[in-house]
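See structure below.
Read the figures in this text as sums done on the coordinates, not as results from a lab. This one's a predicted model, so the numbers in the text were calculated from it and none came from an experiment. Glycine gets a Cβ as well: all are built from the backbone with ideal geometry, and neighbour counts include every protein chain shown.
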Amino acid sequence: MRLIRSLLLLGMLSLTAGCVLSLHPIWADEDIVFEPALVGVWEDDDETWAFSQRNDSQRYDLVYTDSDGKEGKFTVTLVNVQGTLFLNLLPKEPVLEANEFYKWHLLPLNSFAHVKRIEPTLRMSFPDVDWLGDHLEAYPDAIEHELYDGTNPILTASTAELQAFWLKHTETEEAFTEALDLRRKEAEHSDNEDDAPSPTP
């Protein structure tokens, strides 16, 4: 498929990082939910995930910061598919010193995570790209896909097919990565706030 073979920066960076990428999202309009508890900054020892509500909509803006302090910005959709929660991540347009003709060739792709809980910690797992590659090698018709660079699968299945496939494998051993368990970052306040005098009645 020429479209898939023409993927440039966004797709290649994600593949290098080991994400399972999809041409279509895992959500349909009727699946979208908004959970206020997701809003805030979540962290572990290496990275932070800062969620905010997107323009009073049912979606979120996400700023993901890795262990090197580098940021990535995403539009995130939380979906409930037959009682199972997924986060769909779509990268925002990168800041590039390139002309518009070049940017036209960049195709943002979806990734997603299985959300196991939001409180008291945000626990989620991403589809494992190695498991998916092995599974598709054994069962090439399991879900529609194309192979980028001969080895890396990019899913081209419809939203309905994505939902059915990943719902089937949420409990499959090794189908998802080890759970990422993020704790909520407490709001910081300065010592001056504690020392401030009480207002005069």
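Tabulated results
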quantity: Reduced Cα scattering model of the range 53-201, Debye log10 I(q)/I(0), q = 0.09, 0.11, 0.14, 0.16 Å⁻¹; calculated: -0.42, -0.59, -0.88, -1.09
quantity: Packing-based order for 128-134, 161-167, 171-177, using average beta carbon neighbours within 10 Å, highest first; calculated: 161-167, 128-134, 171-177
quantity: Restraint check, Lys103/Lys168; Lys116/Lys185; Lys103/Lys185; Lys73/Lys185; Lys70/Lys168, Cα-Cα greater than 26 Å; calculated: Lys103/Lys168; Lys103/Lys185; Lys70/Lys168
quantity: Rounded if a/c under 1.5, otherwise prolate or oblate - the range 83-131, Cα gyration tensor axes; calculated: prolate
quantity: Angstrom value of the Kirkwood radius, inverse mean 1/r, which spans all Cα pairs in the range 27-111; calculated: 14.3 Å
quantity: Bins of 10 Å, starting at 0 and running to the largest distance - Cα pair percent for the range 113-179; calculated: 19, 51, 24, 6, 0
quantity: Dipole magnitude of the range 2-181, debye to nearest 20 (Cβ charges: Lys/Arg +1, Asp/Glu -1, about Cα centre); calculated: 620 debye
